[in-house]
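The values are calculated or read from the model by the stated rules, or taken from the named source; none is laboratory data. The shown structure was predicted, so the numbers you read here are calculated from the model rather than taken from an experiment. In this analysis, Cβ positions are derived from the backbone assuming ideal geometry, glycine residues included, and neighbour counts consider all displayed protein chains. Accessible surface is based on the protein model in full, side chains and every heavy atom, while ligands, DNA and RNA are left aside. Shrake-Rupley method; radii C 1.70, N 1.55, O 1.52, S 1.80 Å.
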Amino acid sequence: LGAELERETVQLLRQIIRANMFRTDKRQHIAECFVGYETIKIFIRLSKDYNLLSVRQYEFAATKLNEIGKLLGGWYRKM
């Protein structure tokens, strides 16, 4: 689960970089970021459910993910 979470996180970072680089079709690239974002949210929740993360670690990760979601949503609406 940890390896998949790490892989998905790096992939999301790459998707964000791609979305930032392309001048055309940014909205499509940002929409693709949401798939990675949702996958990471599920992996974080599973990590908590399997007691791989403490409640405090989960709260920290959930807070950061929430911020990322708001930024992606704002970026998507701006396009």
Straight-line reach from residue 41: which lysines have Cα under 18 Å away, leaving out those fewer than 8 places along the same chain? 64, 70
Restrict the search to region 2-79; then list the trypsin sites (Lys or Arg not before Pro) that DSSP places in a loop and that have at most 10 other Cβ atoms within 10 Å of their Cβ. 23
What part of the accessible area of the chain, given as a whole %, is carbon or sulfur when the probe is 1.4 angstrom? 56
Quick one, could you list the DSSP H helices from the chain stretching 20 Å or more along their long axis (Cα atoms) with average Kyte-Doolittle hydropathy of 1.0 or above? none
The answer for the per residue Cα convex hull volume of the chain, in Å³, is 69
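Give the accessible surface of the chain per residue, rounded to a whole number of Å², with probe radius 1.4 Å and ligands, DNA and RNA excluded.
Value returned for the chain: 73 Å² of accessible area per residue.
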Please list, by residue number, every one of the chymotrypsin sites (Phe, Trp or Tyr not before Pro) in region 1-63 that is coil in DSSP and has at most 16 other beta-carbon atoms within 10 Å. 22, 50
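Near residue 53, within a Cβ-to-Cβ distance under 11 Å, what is the net charge of the other residues, with Lys and Arg +1 and Asp and Glu -1?
+1
Tally Lys/Arg at +1 and Asp/Glu at -1 over every other residue whose Cβ is under 13 Å from the Cβ of residue 19; what's the total?
+4
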For the chain, calculate the relative contact order in percent as a whole number, restricting contacts to Cα pairs under 8 Å that are 6 or more residues apart. 32
How much accessible surface does residue 54 have with a 1.4 Å probe, in Å² rounded to 10? 50
